[in-house]
Amino acid sequence: MTPPPADAWRRPPLPTLVAAILLIACAEVGGASMTKFKLELARAARAVMLSRPAVHGLVGVRDVDEQIIDEALVKFDAGLRLFHLHAEGMGLVIIATTMTAATLVQSAGARRVIILLLTVGGAGYPFGYLLWSALIPYYGIQTGKTVAEWTMWIPFGGATIVAAWWLVALVGARLVRRA
Amino acid sequence: MRGWLAVALLLLAAAPAPAAAHHVGAYVPRDNEVSANFKQIKFSIQARKFDVAARLYETGPIRTAIRAQAARLPAGLEETTRAALAAGDGARAERGLVVFFAALIRDLALEADRRLADTREPASARAATGQKLLEAIWRYYNLVDFTVGQYDPKAAVAVRLAFDEAEGYAQGSPGPGTTVAPESRRVTPRPVAAPAPDKMREPVQRIAGTMSGLIETSMTR
């Protein structure tokens, strides 16, 4: 068996690839579902909101409440759309960045940690939008956002950012050494 | 070459992440069916397409709402407005619509007054409810402000002043050292004050009274 050429790209670990492809698959299922069940989802969210008037600040006057419910439904829909968008994008980001790490990071320890952070962070981050959407009817726009931020967006997004910049620094240092 | 390509790809991948971290979309308030129908009719009248305006009125939610609330509206409002559109009298038709919105605003103001007077609720909750009702009042008044200003400038000024006053009491005064005006205008900062739902009642009642007066004068003119 002939060894691969020195400048060949290396594939990321299989679990990483599976996670990325699964994420893209979730994005597609999410996108299709939000289109197919748009009305049902909106009706269900509206019903939950109407059963929790205090959470949403509903006052029992149609001219006031319709606007509040409309805003919550727009954000609910935005959360689903952003999940679809980010899950598709982050799936590709995971593949591109972990392939770069697998190929160009020489230290085995650093490579493992970077790939792990990119995989876990990239795969978890988009689900923050799904969580936010799910929480809006029950806890309101702002509380839902705060929960999603602290449980999903900040830890998973932070992991991706840290790993991506770490990778940038390592690849940059490699270039400087070559020059 | 492979290294530079990798750096470029990584920068592209890393850059959107922090920006996207707090991106949750923006909400622009939309018209409800009544305000949307009003705008359609108004623009048709302005374009002198009275047949279109009449059709939009005949089939739209405003006429349905006028019929549903007939007991609280001046007698004959629905027929007067329809007849004005059929006759191509844009000014009279628009006045009929203004009367309808004035009645909506009056009812919202009366509801706001009732809620503000309900001392079983804490003051902050009453102020928050009052603020929401004021926003709804303003959404409707904003639609007819120009026309109200043409028919009854005093009523238009009275509503605006009462609205500003009520909103000020709903939000509380700004803190010391802060001012709503730029430095150069030397506006004396007001002391800190909590939202005052009780004080909101008087300007809200003034809005209801002004709208009642507007309805009476519009129908008798």
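Here are a few things to note about the model shown:
- Of everything listed in (1) at pLDDT 95 or above; (2) touching a helix residue (DSSP H, G or I) at 6+ places or on another chain (Cβ under 7 Å); (3) of a type outside the set (Ser, Thr, Tyr), the single unmet condition for A:Val61 is (1).
- Yes/no for A:Leu131 being modelled with pLDDT of 95 or more, surrounded by fewer than 21 Cβ atoms within 10 Å (Cβ to Cβ) and within 13 Å of chain B (Cβ to nearest Cβ): yes
- The stretch A:55-71 - residue that is more than 7 Å from every other protein chain (Cβ to nearest Cβ) and among the charged types (D, E, K, R) and, of those, farthest from A:Thr143 (Cα to Cα): A:Arg62
- Taken residue by residue, the stretch B:14-27 has no member that is within 9 Å of another protein chain (Cβ to nearest Cβ), modelled with pLDDT of 90 or more and closer than 30 Å to B:Val204 by Cα.
- Residue in the stretch A:135-148 that is outside any helix (DSSP H, G or I), at the interface with chain B (Cβ under 9 Å from one of its Cβ atoms) and either farther than 30 Å from B:Tyr141 by Cα or touching a Cys at 6+ places or on another chain (Cβ under 9 Å) (or both) present: no
- Considering residues of the stretch B:28-39 that are more than 8 Å from chain A (Cβ to nearest Cβ) and of a type outside the set (D, E, K, R) only, the residue surrounded by the most Cβ atoms within 10 Å (Cβ to Cβ): B:Phe38
- Residue within the stretch A:164-175 that is among the small types (Gly, Ala, Ser), surrounded by 19 or more Cβ atoms within 10 Å (Cβ to Cβ), assigned to a helix (DSSP H, G or I) and more than 8 Å from chain B (Cβ to nearest Cβ) present: no
- Per this entry, A:Leu170 is counted among residues that are over 27 Å from A:Arg81 (Cα atoms), of a type outside the set (Phe, Trp, Tyr) and modelled with pLDDT of 95 or more.
- Within the set A:Val74, A:Val113, A:Val93, the sole residue that is surrounded by fewer than 20 Cβ atoms within 10 Å (Cβ to Cβ), within 9 Å of chain B (Cβ to nearest Cβ), assigned to a helix (DSSP H, G or I) and on the phi < 0 side of the Ramachandran plot turns out to be A:Val74.
- Looking at A:Phe156, A:Phe83, just one residue is in contact with a Gly (Cβ under 6 Å, 6 or more places away or on another chain), within 12 Å of another protein chain (Cβ to nearest Cβ), crowded, with 23+ Cβ neighbours inside 10 Å and not charged (D, E, K, R), and that residue is A:Phe83.
- Of the set (1) more than 14 Å from chain A (Cβ to nearest Cβ); (2) within 28 Å of A:Phe76 (Cβ to Cβ), all apply to B:Arg55 but (2).
The values are calculated or read from the model by the stated rules, or taken from the named source; none is laboratory data. None of these values were measured; they are calculated from a predicted model. Every residue, glycine among them, receives a Cβ derived from its backbone with ideal geometry; neighbour counts consider all protein chains shown.
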